Amino acid sequence: MTTTALVYRTGRDPLGPVHDLLASPALRELVEMFDGDWPTRGGPRERLASLKAFSQVWDLRKGGSRLAIAADDGTLPTDRILALAEQLGMVEPAPVTGGHFDWVLVLGGLASSCRSRAEYAASLLGQGAFTADEVCFLGSFRALLEGERDDAREFAPDAGQEVYMLEALADAEFPSTAPWSTTVDGDPEKAPRRAQLRGERPGKPGVRLYAARSSDLSRNANTADTYRQFARDVRLDARRVLLVTTHIYAPYQHMDAVRVLGLPFHCEVETVGTPPHLSRQVFGAPRYLQELRSTILSAHALVVACEAEE
């Protein structure tokens, strides 16, 4: 899985990444490293359900922000975990396959990650690695956390919420003299999880900006929520979409995109991660374990969605 491009094409097996994950010696070694039993019975759904339950041992967020994950304290076999994470495609992403994309989706998140993603998308376009009709920034009205405000001040000093941080990045990396046309539904200050925003600015490429409403008001909008808002806004059938994210999140965000965008709308989905040297973050072993759990959860959700379509 180390250098395989994350690409879903209509007519291909959407569970390809799931089969790769379950066949990975690296995943099995990590499970057994933490005294887990490798599941051998049942199909992908049953095996992933077992891994999903086991992976709670890697849930270091406990419902909180990724910023709350403690740094590596030296008690973990860090070098081996990082080597296995690389085998699982979470460290060095494959390059974009190229060609023309109808939409490039720059995924939201913490400030430093968003900045690197926006810069990487602009760099790839500027280098001619691909062409695109529109670049879309996907986020929410999530309030910026204290731990990311210093990063955000460097490029969005007035932004208090994720979507306005993304707007500043869109203006910086895809500049235009054209004004934004923006509509807001709901009250972003009093009920940010119920609110949503849609913005559009003409150009070559055109730029869109989204803040998604959460499908679960106990949390902020997640990646799948932002995919759904984007899909409701465009004619997505049989189109080609590129996701730009951070390398550590690419496997799970790709499977979420296959489930939410690729399967129902019959579109091609490709996901590319920012290379580590451009990511402005050095991820330790705890972060890789956390996002491996995210990958298992997304793989299980994708299998369930595929079975529902049969």
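Laid out as a table, the results:
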| quantity | calculated |
| --- | --- |
| In the stretch 24-49, the residues that are within 23 Å of the chain's Cα centre (by Cα) and small (G, A, S) | S24, A26, A49 |
| Filtered residues of the stretch 8-55 (kept if crowded, with 19+ Cβ neighbours inside 10 Å, in contact with a strand residue (DSSP E or B) (Cβ under 8 Å, 6 or more places away or on another chain) and either hydroxyl-bearing (S, T, Y) or farther than 23 Å from R80 by Cα (or both)) | Y8, P14 |
| Residues within the stretch 151-170 that are part of a helix (DSSP H, G or I), over 13 Å from G139 (Cβ atoms) and in contact (Cβ under 8 Å) with a residue 24 or more places away in the chain, tallied | 1 |
| Selected residue (criterion: nearest to the chain's Cα centre (by Cα)) from residues of the stretch 50-77 that are of a type in the set (A, V, I, L, M, F, W, C) and within 15 Å of R28 (Cα to Cα) | W58 |
| Condition check for V57: in a helix (DSSP H, G or I), in contact with a Gly (Cβ under 8 Å, 6 or more places away or on another chain) and without any contact (Cβ under 8 Å) to a residue 24 or more places away in the chain | yes |
| Residues (assigned to a helix (DSSP H, G or I), under 20 Å from H247 (Cβ atoms), under 17 Å from the mean Cα position of the chain (by Cα) and not aliphatic (A, V, I, L, M)) located in the stretch 259-310 | P276, R287, Y288, Q290, E291, R293, S294, T295, S298 |
| Some residue of the stretch 11-18 being in contact with a Phe, Trp or Tyr (Cβ under 7 Å, 6 or more places away or on another chain), among the hydrophobic types (A, V, I, L, M, F, W, C) and either farther than 18 Å from I248 by Cα or free of Cβ contacts under 8 Å to residues at least 12 places away in the same chain (or both) | no |
| Tally, over the stretch 60-109, of residues that are surrounded by 12 or more Cβ atoms within 10 Å (Cβ to Cβ), assigned to a helix (DSSP H, G or I) and of a type outside the set (A, V, I, L, M) | 5 |
| Unique match (being surrounded by fewer than 19 Cβ atoms within 10 Å (Cβ to Cβ), aliphatic (A, V, I, L, M) and either closer than 20 Å to W58 by Cα or out of contact with any Asp or Glu (no Cβ under 8 Å at 6 or more places or on another chain) (or both)) among A231, A257 | A231 |
| Residue check, A250 assigned to a helix (DSSP H, G or I), modelled with pLDDT of 95 or more and surrounded by fewer than 21 Cβ atoms within 10 Å (Cβ to Cβ) | no |
| Set R117, R142: member being charged (D, E, K, R), more than 23 Å from P251 (Cα to Cα), in contact with a helix residue (DSSP H, G or I) (Cβ under 9 Å, 6 or more places away or on another chain) and crowded, with 16+ Cβ neighbours inside 10 Å | R142 |
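Conditions (1) at pLDDT 95 or above; (2) among the small types (G, A, S), marked per residue:
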| site | (1), (2) |
| --- | --- |
| V96 | yes, no |
| D102 | yes, no |
| L110 | no, no |
| A129 | yes, yes |
| G139 | yes, yes |
| A159 | yes, yes |
| E167 | yes, no |
| A170 | yes, yes |
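The values are calculated or read from the model by the stated rules, or taken from the named source; none is laboratory data. Since the model is a prediction, treat every value here as computed from it, not as a measurement. Don't worry about glycine lacking a Cβ; one is built from the backbone with ideal geometry, like all the others, and counts go over all protein chains shown.
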